[in-house]
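A short worksheet on the structure shown next.
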Amino acid sequence: MPLVQGIRRLLRSQSEPGTLHLLPEVYSPELDNTRDVYVCLPPGYAHEGRRYPVVYMQDGQNLFDTGTSYAGTWHVEDAVTTASRLGMPAIVVGVPNAGEGRIAEYSPFSDARFGVGRGDHYLDFVVGTVKPAIDARYRTLRDCHDTGIAGSSMGGLISLYAAFTRPETFGFAGVLSPSLWFAGGAIFSVVEAALADPRWRGRPRIYLDVGHREGESTLHNARRLRDLLLERGYRQGVDLRWVEDHGGAHHEAAWSRRFRKALPALLA
């Protein structure tokens, strides 16, 4: 039986009704808008009684359902099941993007082309509205060590920014094909400043990847970030997991494939 087929069969056999939950029309006072929020529970959630790490992910409409996806789905439920089989169950929360407002919400910087970013307001929404709602409704581990954030492209940029500006909330980040070019590469200064600040305790665990078919500039920027982290004391395979996908392009299918390995790596 092919691996993916086997994983999906296991998901059906171990899941119970409500494995994928929908929190409808969650209002954001930080952004003054509303969106649904998806919650993927690991197999056995209803029967085990334990608490779980939580990963908050961007572009939530692309994570689970081909009917809501606009560019293909990640099948994150498969990644959750795989991680559970490896002894690392977790809850994944998918926060959909704001459509035309996506770039503004995922931008922590002002940019000459795209205007003023609302990234800090978006993270205020995730931290101040979504996370308390998830913690109140589900059995979560609430410490930063057990709370992560992940995304791709601009979603990868805001996830990286969150990890280095809100370490009291996020202890790890999945950064897939991040848009490091945005605002003239301003994110590099943020990472450097955080790691150089003696008051900044600890460091987030980082999964960072890039595809070779994403262009030389994207590949160069990702390697530059990798090198910066290594120079500042990160260790490959310990608190940094670096992946170059030789066949990977900038699209959902590549991120879906890589995330199945990224999630267990982040939770280990």
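The values are calculated or read from the model by the stated rules, or taken from the named source; none is laboratory data. Note that the structure is predicted; figures quoted are calculated from it, not measured. Because the Cβ atoms are built from the backbone with ideal geometry, glycine has one as well, and the counts that use them run over all protein chains shown. Quick note on the areas: whole protein, heavy atoms, side chains included, nothing else; ligands and nucleic acids left out. Shrake-Rupley method; radii C 1.70, N 1.55, O 1.52, S 1.80 Å.
Quick notes on this structure:
- Hey, T81 under 21 Å from E168 (Cβ atoms) and polar (S, T, N, Q) or not: no
- Test for E244: is it of a type in the set (D, E), at pLDDT 95 or above and closer than 23 Å to G117 by Cα: no
Okay, residues lined up against (1) modelled with pLDDT of 95 or more; (2) polar (S, T, N, Q); (3) more than 30 Å from M154 (Cα to Cα); (4) open to solvent by 60 Å² or more (accessible area, probe 1.4 Å):
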residue: L3; (1), (2), (3), (4): no, no, yes, yes
residue: L10; (1), (2), (3), (4): no, no, yes, no
residue: Q14; (1), (2), (3), (4): no, yes, yes, yes
residue: L31; (1), (2), (3), (4): yes, no, no, no
residue: D36; (1), (2), (3), (4): yes, no, no, no
residue: R51; (1), (2), (3), (4): yes, no, yes, yes
residue: V55; (1), (2), (3), (4): yes, no, no, no
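- Where helices (runs of 4 or more DSSP H) sit wholly within region 113-199, those with at least 2 residues that are among the small types (G, A, S) occupy 131-137, 154-165, 182-196.
- Qualifying residues in region 171-183 (those that are of a type in the set (F, W, Y) and in contact (Cβ under 8 Å) with a residue 60 or more places away in the chain) - the one surrounded by the fewest Cβ atoms within 10 Å (Cβ to Cβ): F182
- Residue in region 89-111 that is farthest from the chain's Cα centre (by Cα), counting only those that are open to solvent by 40 Å² or more (accessible area, probe 1.4 Å) and in contact (Cβ under 8 Å) with a residue 24 or more places away in the chain: S110
- Of the numbered criteria (1) under 25 Å from H145 (Cα atoms); (2) out of contact with any strand residue (DSSP E or B) (no Cβ under 7 Å at 6 or more places or on another chain); (3) at pLDDT 95 or above, the one R102 fails is (1).
- Residue within region 210-229 that is outside any helix (DSSP H, G or I), of a type in the set (A, V, I, L, M, F, W, C), within 27 Å of R142 (Cβ to Cβ) and open to solvent by less than 60 Å² (accessible area, probe 1.4 Å) present: no
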